[in-house]
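Structure first, commentary second.
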Amino acid sequence: MEKPNEGRARVVIENLEPELSCGRFPIKRVIGDTVEVEADVFADGHDEVEARLLWKKDGEAEWQTVRMTFLGNDRWRGTFPVDHVGPYLYTVAGSIDRFGTWRHDLEKRIAAGQDLTIPIQAGAILLEQIASSVKGKDASKLIAWAQELKAQSKDAPSAAKAAKLALTSELAETVQLYPDHLVETRYRRELGVFVDRQKAGFSAWYELFPRSWSTTPGKHGTFRDVAARLEYVSEMGFDVLYLPPIHPIGKSFRKGRNNSTEAAPGDVGSPWAIGSSEGGHTSIHPALGTMEDFQYLLKRAGQLGLEVALDIAFQCAPDHPWVTEHPEFFKKRPDGSIQYAENPPKKYQDIYPLDFESSNWKGLWDALKEVFRFWIGKGVRIFRVDNPHTKAFPFWEWVIKELKAESPDVLLLAEAFTRPRVMEQLAKLGFSQSYTYFTWRNTKDEIVEYMYQLTRTQLREYFRPNFWPNTPDILTESLQVGGPAAFKSRLVLAATLSANYGIYGPAFELGEHLPIRSGSEEYLNSEKYEIKTWDLDSPQSLRPLIAKVNEARRNNPALHGNLSLHFHSIENPMLLCYSKRVQNAGSDGGDNTVLAIVSLDPFHQQSGWVQLDLNVLGLEAAQAFEVEDLLADQRYLWHGSRNYVELRPQGIPAHLFRIRKHVRTEKDFDYYR
């Protein structure tokens, strides 16, 4: 066995966190976050060690560094801020802390009453060695200290006096500025962080079909129709307008209403059957308008604080231009015909899937990348990707890196309701956000367990959940049978458990709940296959409640993230209680703490005693505090950890409390009398 290049490097660095797949994939953060890094850093013998966290934006030559904090049992922690969109690198370095070792030994010698003459002289020599690699005022200070130690180390009384100088914090802090890099250990890998803009971490999505937004019943809606009524969406407080595919829809094998295999005259087909003689993935359905109309919608959305997200569905109708231009992009049956999409027993005769094992896979990859680049060039920066789990992982890893290199602010939402490892892999490959299993998590135990996975395991480093209570494809049983109370509680859960959430509207706020048949999650008269007429002014609409929920989200930084989520005990299994808290983030510079209590029973009144973890909330046991219900505009004075709540399905089956630590004036006390 050959000797190492540097055998004097005695420090070991292990168990660094966070690290994904042995450093292959970057973790995720958004602008303004801090990255917290821990590692085991230790050495043989009794010498002290020091650990440094190093970081830089990818491509920079110089590392920035900060001394890590010792946690105990050889564990160290450090943090660094990220303030630019794009990739960062980080790693950990460790070395023998010779000055720290000398200082620590000196303290022990003093405690034992030993002679300090020789140790003080050794310390002076050590300071001279450190000063030799330092420039400026600090070099002069170190040399002066060394000389003073030498001068006072000639006898025991003066050495004792010198020891006081040696143990001053100013000396230690100065030395710490100049770690010895000559013989240090670097962690074996440089790890990555990709920093997204803030909307990757906090967003509220609203999905609508533009063709259903005409004010004339039955008439095909346009981009201009959507733009004219867009205040409806913005006033509810959403910041992402998500549109299903806007491309020409195939005519061959077009699906009819309720997914029938035979289309009647006038049936508009599914937007996910992309492509016809009118164009493919870079074309617009003529009935929706022109590219100029689309650009007008983007502009109007921006004026209202909305950003438009487009659906990217990499599949083709039988009359998509690629079918004739690139037949090698598709799988063939034994008889030579192209294989349509199937997920037995489901059949999608109107869709041809792409073949990622094509002999021309490179050409296919390039063509798909150009679809993204085309719409990015038109001003789109958010994409919801349909069924990415049915496309090759290597493609996603390549194309997302390519897109991010050109446009680091691009965000991609993975619509992949599939196996956990597959969903996780897509997130590692670079998808900014991910659909989740929240849609089917209904009981207290299911919700608590799932949120634990998302916020307390390694998933927290790279998997950004986006909670949807409904989609055009999914009408859960709870919404089918639970009535308005189910819609209300699922709204509050989605919007407050997750910093990213969305709804498919107006079906959601209008309580669309009829399935095509018992046991199915498909809507009766699904908007996927027909133009709908929605009564946006219905008095039964949940529009006012949605606006309140989104206002609470905007105004409370605690709801802008997921990692502070904490579940509190409540004796009733039909009530769920949880909080989120961020420190030094309130409007007054104090903490911002939100406490949610949600009924999981859409049929009956539920009540119980909540047992709050006061330490988590930053409260003291004897302290009275105010809880302000942001949904009902009511305030209550609570005392201590145990407090009573009751919720009725006829009203709002949830409390969303903002906690205020102090009742500040006599007038405030009068409010509760």
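The values are calculated or read from the model by the stated rules, or taken from the named source; none is laboratory data. In this text, all values refer to a predicted model and were calculated from it rather than measured experimentally. Positions of Cβ are backbone-derived with ideal geometry, glycine not excepted, and every protein chain shown enters the neighbour counts. Surface accessibility is based on the protein's heavy atoms, side chains included, excluding ligands, DNA and RNA. Shrake-Rupley method; radii C 1.70, N 1.55, O 1.52, S 1.80 Å.
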Criterion violated by E357 - all others in (1) closer than 15 Å to P394 by Cα; (2) assigned to a helix (DSSP H, G or I); (3) not polar (S, T, N, Q) satisfied
(2)
Need pairs with beta-carbon distance below 6 Å; first residue under 17 Å from Y242 (Cα atoms) and within region 379-393, second of a type outside the set (D, E, K, R) and open to solvent by 20 Å² or more (accessible area, probe 1.4 Å); sequence gap 6+ or separate chains.
G379/L298
Pairs where the first residue, in region 394-408, is open to solvent by 70 Å² or more (accessible area, probe 1.4 Å) and the second is of a type in the set (V, I, T) and assigned to a helix (DSSP H, G or I), C-beta under 9 Å, 6+ apart
E406/I376
Answer from L545, L510 - the residue that is assigned to a loop (DSSP other than H, G, I, E, B), modelled with pLDDT of 95 or more and open to solvent by 10 Å² or more (accessible area, probe 1.4 Å):
L510
In the list R373, R384, R464, R460, which residue meets the criterion of being under 21 Å from A200 (Cβ atoms), among the basic types (K, R) and open to solvent by less than 10 Å² (accessible area, probe 1.4 Å)?
R384
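Being of a type outside the set (S, T, N, Q), touching a Ser or Thr at 6+ places or on another chain (Cβ under 8 Å) and either more than 28 Å from K199 (Cα to Cα) or open to solvent by less than 20 Å² (accessible area, probe 1.4 Å) (or both): is that true of L53 here? Talk me through it step by step, then tell me what you get.
Numbers: of a type outside the set (S, T, N, Q): yes; touching a Ser or Thr at 6+ places or on another chain (Cβ under 8 Å): yes; either more than 28 Å from K199 (Cα to Cα) or open to solvent by less than 20 Å² (accessible area, probe 1.4 Å) (or both): yes.
In short, yes.
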Name the one entry in A131, A156 that is at pLDDT below 85 and out of contact with any Lys or Arg (no Cβ under 6 Å at 6 or more places or on another chain).
A156
Of S564, S538, the only residue that is open to solvent by 10 Å² or more (accessible area, probe 1.4 Å) and within 24 Å of the chain's Cα centre (by Cα) is S564
Of the conditions (1) outside any strand (DSSP E or B); (2) of a type in the set (V, I, T); (3) closer than 28 Å to F209 by Cβ; (4) out of contact with any Ser or Thr (no Cβ under 8 Å at 6 or more places or on another chain), T324 clears all except one; give me its number.
(3)
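Among the candidates G218, G237, G250, single out the residue that is open to solvent by 50 Å² or more (accessible area, probe 1.4 Å) and either of a type outside the set (A, V, I, L, M) or closer than 14 Å to P271 by Cα (or both).
Working: G237 fails: open to solvent by 50 Å² or more (accessible area, probe 1.4 Å); G250 fails: open to solvent by 50 Å² or more (accessible area, probe 1.4 Å).
Just a single option satisfies the conditions, and that option is G218.
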When you scan region 161-175, do you find a residue that is modelled with pLDDT of 85 or more, aliphatic (A, V, I, L, M) and surrounded by fewer than 15 Cβ atoms within 10 Å (Cβ to Cβ), even just one?
yes
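Is it the case that E128 is in contact with a helix residue (DSSP H, G or I) (Cβ under 6 Å, 6 or more places away or on another chain) and surrounded by fewer than 17 Cβ atoms within 10 Å (Cβ to Cβ)?
Details: in contact with a helix residue (DSSP H, G or I) (Cβ under 6 Å, 6 or more places away or on another chain): yes; surrounded by fewer than 17 Cβ atoms within 10 Å (Cβ to Cβ): yes.
For E128, the condition - in contact with a helix residue (DSSP H, G or I) (Cβ under 6 Å, 6 or more places away or on another chain) and surrounded by fewer than 17 Cβ atoms within 10 Å (Cβ to Cβ) - is met.
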Which ones in region 191-211 are surrounded by fewer than 22 Cβ atoms within 10 Å (Cβ to Cβ) and assigned to a helix (DSSP H, G or I)?
Q198, K199
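Considering only region 134-160, state which residues are open to solvent by less than 40 Å² (accessible area, probe 1.4 Å) and within 45 Å of the chain's Cα centre (by Cα).
V134, D138 - these are the residues of region 134-160 that are open to solvent by less than 40 Å² (accessible area, probe 1.4 Å) and within 45 Å of the chain's Cα centre (by Cα).
Residue-wise test of (1) in contact with a Leu (Cβ under 8 Å, 6 or more places away or on another chain); (2) assigned to a strand (DSSP E or B); (3) β-branched (V, I, T).
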residue: N572; (1), (2), (3): no, no, no
residue: D601; (1), (2), (3): no, no, no
residue: N615; (1), (2), (3): no, no, no
residue: F625; (1), (2), (3): yes, yes, no
residue: Y644; (1), (2), (3): no, yes, no
residue: H655; (1), (2), (3): yes, yes, no
